[in-house]
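Quick notes on the structure that follows.
The values are calculated or read from the model by the stated rules, or taken from the named source; none is laboratory data. No experiment lies behind these values; they were computed from the predicted model shown. All Cβ positions, even for glycine, are placed from backbone atoms using ideal geometry, and neighbour counts span all protein chains on display. To get the accessible areas, we keep the full protein, side chains included, count just its heavy atoms, and leave off ligands, DNA and RNA. Shrake-Rupley method; radii C 1.70, N 1.55, O 1.52, S 1.80 Å.
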Amino acid sequence: AVTADGGAAAPIDAVVSRPRAHGRVGMGGVAYDDQAGGYIDDIGLGRNDTNSAHSYGGRLALRGRLGETWQAGVSYATQEINVKNSQYVEGGLGAYSRRLFLREPHDNDVSHLSFTLEGTLAGATVKAAVNHLHHRLRTRYDAGSLGMPQVATGSLAYDENQRVELATEDVSLSSRPDQRVRWLVGLFGSQSSETFLPSLVFPSNGAAVYGEHRHDQIDTVASFGEIAVD
């Protein structure tokens, strides 16, 4: 694809779905790569189409039967987004233009792994799921553009570095749906860890004038239940 007064774009996608082992196992996969052309001109940097982006990733899933009443599945997904410059413009400089003296890139990476198990036990339905999510974000801003008199534009950067780890576990036991008295019981757990590392640095030599290290940890355990009577 071509954008007027902007850069070229080139997305590509691939999908595969395949049953195996006489229909007892299924596999599916998706992969993609998306090159998005920029369209914002930065007068301060002397560059055109500075906000191009590159996104790519994929997902692979496998599901199979374990005997007559049990089935299990596992899947993995990942995605990376890299944007060379931020997406805003300034007024009075012409269409799709701004004036900065420092690039503001953004990097966003995420991956997810999951496992599921489902079956019947003594007439009841058992469901279990385990998930893990990894997420990392990195962004740079031109801190000199804030107008601080002691700092020249383009000579100071504000960097955000964030990491998130999240795990969840869920298991439930439920009665058959055709019964007059229906019930469900289960347990849920989660562990969340988030690290936030903002800093003010000089891009010329990487020296930091300010830094912060914040870490949040949240652990959750819950039980739940339900009963319904016709």
Looking at region 117-132 only, could you name the residues that are modelled with pLDDT of 95 or more and either open to solvent by 50 Å² or more (accessible area, probe 1.4 Å) or aromatic (Phe, Trp, Tyr) (or both)? Leu117, Glu118, Lys127, Val130, His132
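Does any residue of region 80-101 turn out to be on the phi > 0 side of the Ramachandran plot, open to solvent by less than 60 Å² (accessible area, probe 1.4 Å), at pLDDT below 95 and over 18 Å from the mean Cα position of the chain (by Cα)? Outline the logic, then answer.
So in region 80-101, the residues on the phi > 0 side of the Ramachandran plot come out as 92, 94, 96.
When the remaining residues are screened for being open to solvent by less than 60 Å² (accessible area, probe 1.4 Å), the result is 94.
Going one step further and asking which of them are at pLDDT below 95, we end up with 94.
Pick out the ones that are also over 18 Å from the mean Cα position of the chain (by Cα) and you get 94.
The answer is yes; a qualifying residue exists.
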Only one of these conditions is not met by Ala143: (1) over 30 Å from Asn85 (Cα atoms); (2) modelled with pLDDT under 95; (3) touching a strand residue (DSSP E or B) at 6+ places or on another chain (Cβ under 6 Å). Which number is it? (1)
Can you name every residue in region 1-41 that is of a type in the set (D, E, K, R) and modelled with pLDDT under 90? Asp5, Arg18, Arg20, Arg24
So which strands (runs of 3 or more DSSP E) are wholly in region 50-140 and hold at least 3 residues that are within 23 Å of Tyr158 (Cβ to Cβ)? 70-83, 106-121
Which residues, taken from region 45-77, are exposed (fewer than 15 other Cβ atoms within 10 Å of the Cβ) and at pLDDT below 90? Gly46, Leu66, Gly67, Glu68, Thr69
